[in-house]
Every structure is written in structure tokens, then in C-alpha cells.
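Participant: Let me begin by handing over the structure; questions about it come next.
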Amino acid sequence: VSDQKPLGCWSVKHGQIITCPVVCNFETHEYIAVHDDKVLRIWKNKDINLDKVFKATLSADVYRIHSLPNGGPVVLFKGGGVRTLDVLLEAPQQEIENVISDEVIKWSEAFMEGQQPVLIFATEKDGDFFVYVQKLKMNSLHKYKLEQQELSKPLSFTAYMKNQIITLLCLCSNDSVYKVLIPLQQNTEEEERILFKSLLLNLSVSGSVLKGTSFVVLDKDHVAVLGSLAVSGEEPKECLTIWNTKFQTLQTSKELPLGTSGQLWCYEEKFFFTHGKVLTVMMYKCETSSLAAAVGKLKDSQTPDVSSFVNWNTLGDEELVVSFQSQQSVALKSESRMTLRSKRNTVAKVQPDTVSVGQLLLNLKDASTTVFEDELRQLMSKAQTPDFQATIGCVITALVKRCKADPKYYPRNFLLQIVQTRDLSYSLCPDLMAIALEKKDVHLLQTCLQRFPDIPEEITYACLKVFLSISEAYLQRIDVNLESVICYIDMEFNNKEVKTEIVENGFNAELEQDIWDTKITKETHLMADGEFCPVGPQKAALLNAVLHSAYSETFLLPHLKNLPAQQAVLFLRYLYYLYVKCSEKINTALPGIRSPTINQIMDWMCLLLDAQFTVMVMLPEAKELLSNLHKFVRAQVRFYSELNKIEGSLRELQRLNHQKDSQTYSIEVLELI
């Protein structure tokens, strides 16, 4: 989310409509979708085309699919019928009972009670609301009618289950949140029972009223509500608010001037909601509720900033976070900002075991370099906790901040050690690669490219530009990981390559090209044979790291158009060299660890030519390169075209060999026509 990198994208055909949210099956790691109400699709990450994945047409319209971590997916139909996915797939056309009559489902949720799934859904008919609770394994269904109140209509629902009691919360049109308790243990299936509501929270404070649109439960004492805050004499303003239901207080609120879709989601202590045209993610942390915290929060005028993404480990100079204090009720952490709530004075020296990471880093702000690094190493050596990754992110951010404050300070080995030994990502420490680019630390950049799965295309391009611009003489003095090149490049004797590979299965690029084009010059033969690599092994290893980096063509192409012409030609020469090297082998694979694949090489060649084609055509030094590349590709196309012509004959030969069971040695001559 932070780097806007699409990890997967699937589309239905034109005219088809996805009619309920797609879910993930936690047991099989598959995605499940329904389009046009009845058509079920199931696929995995490696699948590309939805038309070719599993498809099942059901007998009734689907309302929602709920995926439970230990119970598998549960399918709720618009008529109120419920099936587990496994049962449904045994007979997709099985008849689905119609549980509700003339009622419309407004909301649903699923839970696990021990080993059995429990589904709850709310319906509406003529202004009356009903609640259904179904236990799938026991085939038990209970229907309830929600108590109706004048001028109070449920707008949104949420629920949670604890001690075999479902707590249903209703956000109503009278700007209040009501609570309903539903016990799961029911001995008899009564026709219909009335559920009485009790007032949980009144969404008004200091004369302002919040018109809520959606809400989520954070813990037993806190709820988050998204809606419009109406102040007399002013235009309503959309905002995200957090309320303490125990003390009936507004904990914090943040105005959202760009507007929202009215939907709010919560997962693993993160909020998800749309703000303008972006998806906003905010972390939160709930602590033990206390009256002091609730009242104290009302006096605090500071509210956390909201941005299009959240980097909760970026520590501000004056706003370093102490986020895990018992006095604190709810902490919202957002980009470059963490608010210090504790009123305790900072002592001169605090042991790391007794304070938060943020407080420790505050205390080390003015420490000497030796003490600073020793304390950070101690902090990282502690046993891993649920927040360990965030701690590592804080450590890297603290190191980078000191580098920015003191240009002479740059702990190259320390940073490299952290990246090599920890499972990190770019979004966890976004300033790290920026400072490495500034220092031209190519070894650290190479390691980041190899290990970070979420590097933005802008940073990938910046790395490529730095790698191409650095001289070979400078790179020879630098330690670079050569694992990806040592098996096919060996530069000795004034950078002349010693070729040691054996051509496999009689395939030779020179022979194949010579068959199809006898007019190729001697120089072209040398290049086609891959006699010379246009870059040294260090630069080749760095460029290989770029080739392995994940990217989106849409975001990378604009940056590649800005690549200087000479660097673009050099990069294309190297890609062409790799292309020829891959073609020497019948399996089109380069030897070595993390060597580029033929698909990566081809994709980057196409991308570079798309971005720089006009420049390439105009440059005299690129003319011969483009001509050689064209001839080599044309030769390969012709070669594979000839192979396609005899494909049928080869299959027939394979079939004949299977039919014959010759016990003695024989030689057969088959004529291919």
C-alpha cells in the first residue's frame, strides 16, 4: 500500500460484474470470487487469466462469502441459506433453501465457536429488522426481531463473540450506538424472540453531533466511528473518531477534508478507509482504559496526521513516540509522527528493559557514536517480540537520522549487517536506500534490491542510474556480491573475458545465426557469441540486482525515459549480452545464484526500448547494436518457426515409440515430409 505496488490483478470479462467481496481461503491460499450473483471462481496467485480458473455455476444468488481462519469459507445466499464451500463444491447445483421471505439482508458476519462456524446476519422488511444466528455443524437456526424504536433506524452493524455470547452493536440514525446481547446456548428453537437494545454511546460532544456512516469495535472499551461531524453554523466535516464507551468520551478525532466512501475497515490493529482517491492505512494501539486517560485525552488538542500511507516507524525530532504506556488509552500512529503522551520527566539514563523503544532512542539522541551503536546492538539482540520488526525499523531510522545530522557519520557495516540478517522491507525503513544513494553505497543498495520486496520504481530507477554512472575502476575497489555473475563472467587480463562455458546439445548461436543470415559481419559474430561483456563483473552484478527487482511497468516507464542516452545504450548492450548468453543454452537459463532469467531480460529489453526508442534510433553508436539485436531475434524467430513445423511429426514419432515394445536393438529411419 505504501509504495502503490500492485502485487496481483485479475479481471472478469466485459459485461461481467463481481457481486460480492473477494476473500482468501486461509487453508488453501486461494482466492474466491462471485460474479453475476451465481458464478463462483477460485484461483491462486500464479493464475493469470480468470477465464481459465475453476468455475462453478450455483443454483441461487450469493450475498456474501466469509472466510474463517480455522473453519474454511462459508457462503451466505440472498435467501438466507448457508453452506460451507466444501459442501457447496460437492454439488454446485444443489437446491438452496429460502430461509427469509421478502426480507433483504443488510449485514452479515461469521465467527468460530470452538470448532464450529457460527453465522449471524441482519435483514430488513417494511422497516422492521431481524437477526438470524446459524450454527452450521448443528444445523441450528434462530431468528430474532430487533426492538423497534421511533426515530431510530439501524444504519450499520458490527459484532464480536466472547464466552458464547454474541455482542451485536448497532449504529442508529439518532446518532447513537446500541448494544444487543445474543446468547448462543438456546435449548429450543422458538419462532421469534425480541432482542432489546441498550444505549452504549451517544455520539455528541460539546454541542457537536457525529452523523456516523460506519464503525468498528477496537476492544471492549473503544469503538471507531467514521462519519460527518455537524457543528451548528458550520458545514459538516467528515472525520474519523475514536470513542471510549466505558466513560462515554471522545478520545480523538481527525478531519478528513478530501472525503471518504463512508466505509471503515479494521484488521490487525490497522484502520483502512478511503480518503479522496487514496486508501489510507493507520495503525492504532489500545491500552487499558482509565478515567485519567479518558479525561486527559479531551484536553489534548493534538491529533495525529492522516496521510495516504503510514510509516509508523519514522521518528520525528520532537515527536518521538512513547506509544506503549499504561496511562495511554488509544495511540494513533501515522506518517513521520508519533505523539508523546507520557508526562513523566526523562531521566538521564534509562535501562532499555523498562522503557519503550521510542523513549530509549530519545535518550540516545545526544550519546556518543560508540554508546549509540552499542545500545542499538543490545536492543536488536533481545528476544523477538510481536513488535520486533517495528523495533528494527526504529533502529534503522535512528541511524539514518544521525547520518543526516552528521554528514561524516555513516555506519556502512552496521547498516549492511542489519539488512543482511533481518527480514525487512522498504516500507519499514524508506530513508535507508535514500541515504545509501546519497553515499553511493552500491553494496548496500545491491543487498536492498535483492531482499526488499516493495521498492518503489522511482528508487529502482535511481539505483540503475547510479550503477551505470559509476566507473569500472571505482567499482573494482568496492566489495560487491558477485554470486550472480561468477558462473558466466570471468574478467581477467585487462578486463578481457575468459569464456569457459561448454555449449550444450550442439546448440551454437553463431551456427544458428549463420544458417539464416550469411551476410552478418565478423564483428556481429563476435557479439552474438558473447565474447565480450560490455561491463565489468561488479557492475554486471549490480545490474542483475536491478533486473531481479519487482516493478510495475506503468510506474517504471516514465522514469526510464529520463535515463541519459549513453547509459541507456550501455544498459541495452548488457541486456543484449545476457540475451545471447541465455540463447547459447538449450534451457535458456544462466548459471549461478540470483542470475537473471530469460523473461526478466526480455521484459527489461522491451521496457528500455519502449522508453528510449527515439533516442536509440537517432544515436549513431546505437545503430549497429539495434541492427545486431534485430538480426539475432529474427534468426531465433525463424529457428522456432521451423521447430513448430515439425512439432506434429515429433509428437507422432513419440506416439509410435510408445506403441512399439522392441526387445532387440534396432535402427529405424523415418522420413519427415
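The values are calculated or read from the model by the stated rules, or taken from the named source; none is laboratory data. None of these values were measured; they are calculated from a predicted model. All Cβ positions, even for glycine, are placed from backbone atoms using ideal geometry, and neighbour counts span all protein chains on display. Surface accessibility is based on the protein's heavy atoms, side chains included, excluding ligands, DNA and RNA. Shrake-Rupley method; radii C 1.70, N 1.55, O 1.52, S 1.80 Å.
Participant: Among the listed pairs Lys162/Lys197; Lys13/Lys52; Lys106/Lys137, which are separated by more than 21 Å between their Cα atoms?
Facilitator: Correct reply: Lys106/Lys137.
Participant: Dipole magnitude of segment 535-606 about its Cα centre, charges +1 at Lys/Arg Cβ and -1 at Asp/Glu Cβ only, in debye to the nearest 20?
Facilitator: For this selection, approximately 180 debye.
Participant: Something else now. Counting other C-beta atoms within 10 Å, and keeping those with at most 15, which DSSP coil trypsin sites (Lys or Arg not before Pro) do you find in segment 434-466?
Facilitator: For trypsin sites (Lys or Arg not before Pro) across segment 434-466 that sit outside H, G, I, E and B with at most 15 neighbouring Cβ atoms in 10 Å, the list reads Lys440.
Participant: Under a 1.4 angstrom probe, counting protein chains only, how are Asp219, Asp423 ranked by accessible area, largest first?
Facilitator: Asp423, Asp219
Participant: A follow-up question, please. Give a quick list of GluC sites (Glu not before Pro) in segment 72-132 that DSSP marks as loop, anything other than H, G, I, E or B, with at most 14 other Cβ atoms within 10 Å.
Facilitator: Glu95, Glu97
Participant: Still on this structure, I have one more. Would you kindly state how much longer the chain becomes between Gln93 and Asp479 on full extension, computed as 0.36 nm times their sequence separation minus their alpha carbon distance, in nm to one decimal?
Facilitator: 132.6 nm
Participant: In nm, to one decimal, how far is the Leu258 label point from the Lys179 one, both placed 7 Å along Cα→Cβ?
Facilitator: Output for this residue pair reads 3.6 nm.
Participant: Quick one: accessible surface of Asp610, probe radius 1.4 Å, all protein chains present, in square angstrom to the nearest 10.
Facilitator: 100
Participant: Residue separation times 0.36 nm, minus the C-alpha to C-alpha distance between Glu124 and Gln16: what's the value?
Facilitator: 36.1 nm
Participant: Can you pull the percent of segment 11-99's accessible area that's carbon plus sulfur, 1.4 Å probe, other chains left in place?
Facilitator: 50
Participant: Show me the trypsin sites (Lys or Arg not before Pro) within segment 188-231 that DSSP assigns to loop and that have at most 16 other Cβ atoms within 10 Å of their Cβ.
Facilitator: Of the trypsin sites (Lys or Arg not before Pro), the ones in loops of segment 188-231 whose Cβ has at most 16 other Cβ atoms within 10 Å are Lys220.
Participant: I've got another one for you. With a 1.4 Å probe and all protein chains in place, put Thr554, Thr241 in order of accessible area, largest first.
Facilitator: Thr554, Thr241
Participant: Using a probe radius of 1.4 Å on heavy atoms only, what accessible surface per residue do you get for segment 404-447? Whole Å² is fine.
Facilitator: Per residue, segment 404-447 has an accessible area of 45 Å².
Participant: Which whole-Hz ³J(HN,Hα) couplings does segment 169-179 yield from phi under the Karplus relation 6.51 cos²θ - 1.76 cosθ + 1.60, θ = phi - 60°, glycine and proline marked x?
Facilitator: Here the 3J(HN,Hα) series is 10, 10, 8, 10, 6, 8, 6, 9, 10, 10, 10 Hz.
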